[in-house]
Each structure stands twice: as C-alpha cells, then as structure tokens.
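These notes are about the structure you will find just below.
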Amino acid sequence: MSILTIESTCDETAAAVIARDGQVLGSALATQTELHEQYRGVVPEVAARAHVERILPVIDHALTEAQCDPTSLDAVAVAHTPGLAGSLLIGLTAAKTLAVAWQKPLITVNHLYAHIYACQLGRTESIYPCVGLIVSGGHTSLYDCLGPLELRYLGGTIDDAAGEAFDKVAAMLGLEFPGGPAVSRAALEGNPEAYRFPRSLLNQDNFDFSFSGLKTAVRYELVGPGEKDFTQLDLPAERVADICASFQQAVVDVLVEKSRRAVRHSSANRLCIGGGVAANRVLRTAFEQAADEDAFELIVAPPHLCTDNAVMGAIALEKLARDDFASLDIDIQPGLQRGH
Ligand code: KG4
Ligand code: ZN
C-alpha cells in the first residue's frame, strides 16, 4: 500500500514511492542546474523541455528502487500548484496519464503546503498547528498552519523572494547558480557587519517582506545607478566575502524578526520552516537562537528536503486518508492568489 508522488513545479524533476506509514520506499531526482547556470536563473522553456525528457526515467527509477509494481499503488499524486506553467503541465500530464493507465485515483498537491510538510517527515507527533515559513526561490511567506491542508496566509514578499535575491546577488558577484549555496559559501570568510544593508519593512506591523531594495543596495555597492555591466568588476575575494556575509545577514535578520512576531501573534507556539533557503546554515542558527530566546518550538526541514523534492509529496497521504481525490479534468494553477 503506497503512493507515487511526482514533483516538477520548477527545475527539479522528482518522483518518490511512499508507503502509507510515510516510509520512503524509492526516490529519484534529476536537477537541471547544468542547463540553467549559463543564464544564472531558471529559463521556463528550457525547464519544461528538460522535464519532458526526464520525467519517465525518474518515475521508473523511483518505482524500481521501491520494487513497486504499479498495480499495488493506492494513488498517483502530483504537485499542480504553484510553479512555472510549462513545468507543472509536464508533471500533471504524466500523473493523469499514469492514473488512467493504471486505473488509480489522482491526488493533487499544493507545492507550498508540501514544503511545510517536509518538517513532518520522520516525526510521529503532529507538527500542526504551527506557524509556517516558506523561503524558496519563488516564495517567501508566513502562514498560520491549522493542519497539513489548512494554511491561512499571514503575509509574504511584495517583490522578490529571498532565494531569488540570493540568486541575483550571486549573479552580480559572478558566483555560480544557484546563488544560495554559492553566496553562503563565500560568506563563511566574510564579516556580516562590513556593510549595513537595508532591512526593509522591519518597522511595519505586518508579516510582509521586501527584498528588492536590498538587492539594489548590493548593486549600488558594486556599480553606479544605471550601470548594468558587472563583468569588469574584478573584486577582491575579501570584498566578495564581506558583501555576501552582510547581504545574507540582512535577509536572515528580517526573516527571523517577522517570523518571531508571527509566532507571538499565533496561538501555536511552534515554527516550521521549509523551502530551499531554509538549507542555509546561518539562517538555521539564527532561528535556533530566536527559538531559545522566545521559548517556542522550532522545526526546520532536513537540508535535503528543503530544496524541491518528491518526498515532501507525502502530504498526499493526508488527502488519501480523506478520499480527497482530484478529477481528471483538473488543470494546473501556476499562480497563487495573494492572500492565499
Ligand atoms: O525550494 P527550492 O528548491 O525551489 C523553489 O520552490 O523555489 O528553492 C530554491 C532556492 C534558490 O533560490 C536557491 O538559491 C536557494 O533556494 N537556496 C539557498 C541555499 N540553498 C538553496 N539559499 C540560501 N542558502 C542556501 N544554503
Ligand atoms: Zn519549492
């Protein structure tokens, strides 16, 4: 008794076979980093084409590793929202096709809910209710999570996502893609107080974030207003390290401060963090300190389950338990309504 989960919302193609008790029986993931690094960002058309090539081998790999005969599956699950339209379409089409061919019910999963659910994996006690922080390349938002499938939006970024800011700053500094790991590696040698970059919206009494001013501040530190050419900079390594450390600290400071306010505001005394940026070591340490000071429980997804993967699609088991199946004419939902 198990489910097949499929993830293709952005630039990772992933599949997993997960038993009803949550045990991961098989899992496969194909990254597309090598295709997007020359552009220093994900190119939607390139991502969609790569999903087409990779999705069946990835599913095959997960099923083989699990020694799973598809006839024994309970359902086929797929993340159908939010994400890049072309990428989502490949995953949803594969899931629908397999559901029809194998005569299995289809379950659709919200990718953001799954990022928070990554904190639940491997735990027996429920992580809900909790405040959920999602920090990824496409999203930076806070939710009141009443249950795995009941998230109430508290606030989020009004411009760039935190991961997007990491990626753009890395591109300006000539560091590799994806920018998060590259910036955090460079920051190891830097002084987080070398530059006083802005902490936007920190004084506003809401749960919103803004990272575009911070990105612009880094840009003006490197080149003048209106200048676009970063290729001739030839920066000394110490300067790169100081900029990375100071930028990273500015991002972490606002994420921590707004999240601890959200925990104070919520009746749940627990904060769960998921999404690619949650793999960041400085962020994890800063949140641990905040949790100690404010005496709330902190659960951060394990690093390998922070970035996109199909294992967090185990949230589909919650829908399976409720017989909450999707109809075969369901469509992708690339965007989320603000306030969702
Ligand atoms: O969750 P994810 O894999 O994809 C989305 O759903 O967006 O997140 C990818 C983002 C990228 O922007 C990447 O630069 C960032 O997560 N990231 C990090 C780290 N590892 C990945 N950002 C900061 N520090 C890291 N260690
Ligand atoms: Zn994601």
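The values are calculated or read from the model by the stated rules, or taken from the named source; none is laboratory data. The structure presented is a predicted model; accordingly, all values stated were derived computationally and were not measured. Quick reminder, even Gly has a Cβ in these numbers, built from the backbone with ideal geometry, and neighbours come from all protein chains shown. SASA here: full protein model, heavy atoms, side chains in, ligands and nucleic acids out. Shrake-Rupley method; radii C 1.70, N 1.55, O 1.52, S 1.80 Å.
Observations
- Max mean-square fluctuation residue, GNM over the chain, Cα-Cα springs under 10 Å, options A321, A19, A278: A321
- Within the full protein context, the accessible area of D21 is estimated at about 120 Å² for a probe radius of 1.4 Å.
- GNM top mover of I315, I55, I158 - the chain, alpha-carbon springs below 10 Å: I158
- With both labels modelled 7 Å from their Cα along Cα-to-Cβ, the Q103 to D229 distance reads 6.7 nm.
- Accessible surface ranking for V42, V109, 1.4 angstrom probe, highest first: V42, V109.
- Of all DSSP beta bridges in the chain, antiparallel share, percent nearest 5: 60
- Accessible surface for the chain, divided over its residues, is 44 Å² per residue with a 1.4 Å probe.
- Helix 281-294 axis, angle to the chain major axis (alpha carbon atoms, nearest 10°): 90
- Measuring nothing but protein heavy atoms, the accessible surface of region 249-315 at 1.4 Å probe radius is 47 percent carbon and sulfur.
- If R0 is 45 Å, the Cβ-Cβ spacing of S72 and L202 corresponds to a FRET efficiency of close to 0.30.
- Alpha-carbon centroids, region 272-340 and region 163-193: separation in whole Å: 23
- Those lysines that a straight Cα-Cα span of less than 17 Å connects to K168, excepting residues fewer than 8 apart in one chain: K215, K228
- Working note: Karplus 6.51/-1.76/1.60 with θ = phi - 60° gives region 95-112 the couplings 5, 4, 4, 5, 4, 5, 4, 8, 6, 10, x, 9, 10, 9, 10, 7, 4, 6 Hz, where Gly and Pro are set to x.
- Partners of K96 within straight-line reach, counting lysines whose Cα lies under 22 Å from its Cα and excluding those fewer than 8 residues away in the same chain: K104, K319.
- Three principal axis extents of the chain based on alpha-carbon atoms, in descending order, are 60, 45, 32 Å.
- Among G275, G163, G213, the largest mean-square fluctuation in a Gaussian network model of the chain, built with springs joining Cα atoms closer than 10 Å, belongs to G213.
- Solvent-accessible area, 1.4 Å probe, carbon plus sulfur percent, for region 107-148: 47
- Kirkwood Rh and Cα Rg combined as Rg/Rh, region 111-187: 1.08
- Taking amide H as placed 1.01 Å from N in the peptide plane, the amide H of G26 sits under 5 Å from that of V17, each at least 5 places away or on another chain.
- Overall shape: oblate for region 77-157, with the ratio a/c of the largest to smallest alpha carbon gyration tensor axis at 1.5 or above and b/c at least equal to a/b.
- Rounded to the nearest 10 degrees, the inclination of helix 162-172 to the longest alpha-carbon principal axis of the chain is 50 degrees.
- Listed values for region 62-70 are Karplus-derived 3J(HN,Hα) couplings in whole Hz (6.51 cos²θ - 1.76 cosθ + 1.60, θ = phi - 60°), namely 5, 5, 5, 4, 7, 6, 9, 8, x, and x replaces Gly and Pro.
- Charge-dipole axis of region 174-299 as Lys and Arg at +1 and Asp and Glu at -1 on Cβ define it, positive-most pick from A194, G174, C272: C272
- Solvent accessible area, Å² - H139, 1.4 Å probe, full protein context: 50
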